[in-house]
Amino acid sequence: MSKKAIFFDRDGTLIVEKNYLKNSSDVILENRVIESLHLLKDDGFLFVIITNQSGIGRGYFTEEDYLDVHLEVVAQFREHGIEFLDDYYCPHHPTKGIGSFKQECLCRKPGTLLIEQAVKEFNLNISESVFVGDKSSDIQAGLSAGMLSVHVQTGHDSFDKICKEFNGTVSSFPDLYEASKFIVT
């Protein structure tokens, strides 16, 4: 039996956007994110993180730095009874990556490769799942994968930008809590 999931962008959605976050001591959860995830969890959703991390590819921080931050994120959520199935990240950038990290790839959102991997690995039902993020690339990735996509205004892209880019067809909310109430109704 397949399961439904929420695919989350990380920075600007679950945690406060820091622009190339490399220190685990700088991890701060977004406002009302714990209440949001409990609301979604109570509705039967599982959680997956899908994140672009071109800071690795640009040489701003290492994969070890990224993993330290990831462990801190997981620990902070675990303290509140929240678990993620997995964390998938893309270290590439098509123009600003260094060495092998400079490449066009299918794993960088709006590409859907990481979503497809999670769906296959955990037998997730894409038609009952939702992608939540703060950038148009998040929204496009979810839509391209065949699921509902929801925008939160806590990160990079504004409500106006999202409305214009998607012709008003994507729901946008001030924060994850308001988005979560929409998702479970």
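Considering each residue of region 36-47, count those that are small (Gly, Ala, Ser) and not in a loop (DSSP other than H, G, I, E, B), and give that number. Total satisfying the criteria: 1. For region 139-167, a tally of residues being within 12 Å of ASP9 (Cα to Cα), outside any strand (DSSP E or B) and of a type in the set (Ser, Thr, Tyr) returns 1. Any residue in region 68-90 that is closer than 26 Å to GLY168 by Cβ, in contact with a Ser or Thr (Cβ under 8 Å, 6 or more places away or on another chain), acidic (Asp, Glu) and in contact (Cβ under 8 Å) with a residue 40 or more places away in the chain? No: zero hits.
Which of the residues spanning region 1-35 are assigned to a helix (DSSP H, G or I) and either in contact with a strand residue (DSSP E or B) (Cβ under 9 Å, 6 or more places away or on another chain) or more than 27 Å from GLU128 (Cα to Cα) (or both)? Within region 1-35, SER24, SER25, ASP26, VAL33 meet the criteria. Across region 84-106, the number of residues qualifying as in a loop (DSSP other than H, G, I, E, B) and within 21 Å of GLU17 (Cα to Cα) comes to 5.
Taken over region 48-76, the residue count meeting the criterion of being outside any helix (DSSP H, G or I) and under 15 Å from the mean Cα position of the chain (by Cα) is 6.
How about region 122-145: which of its residues are closer than 13 Å to LEU46 by Cα and more than 12 Å from the chain's Cα centre (by Cα)? Hits for region 122-145 are PHE122, ASN123, LEU124, ASN125, ILE126, GLU128, SER129. Yes or no: LEU114 at pLDDT 95 or above, in a helix (DSSP H, G or I) and closer than 26 Å to LYS161 by Cα? In short, yes. For region 28-55, the set of residues classified as surrounded by fewer than 21 Cβ atoms within 10 Å (Cβ to Cβ), closer than 21 Å to TYR88 by Cβ and among the aliphatic types (A, V, I, L, M) consists of LEU29, LEU46, listed by residue number.
The values are calculated or read from the model by the stated rules, or taken from the named source; none is laboratory data. The structure displayed is predicted, hence computed values, not measured ones. Because the Cβ atoms are built from the backbone with ideal geometry, glycine has one as well, and the counts that use them run over all protein chains shown.
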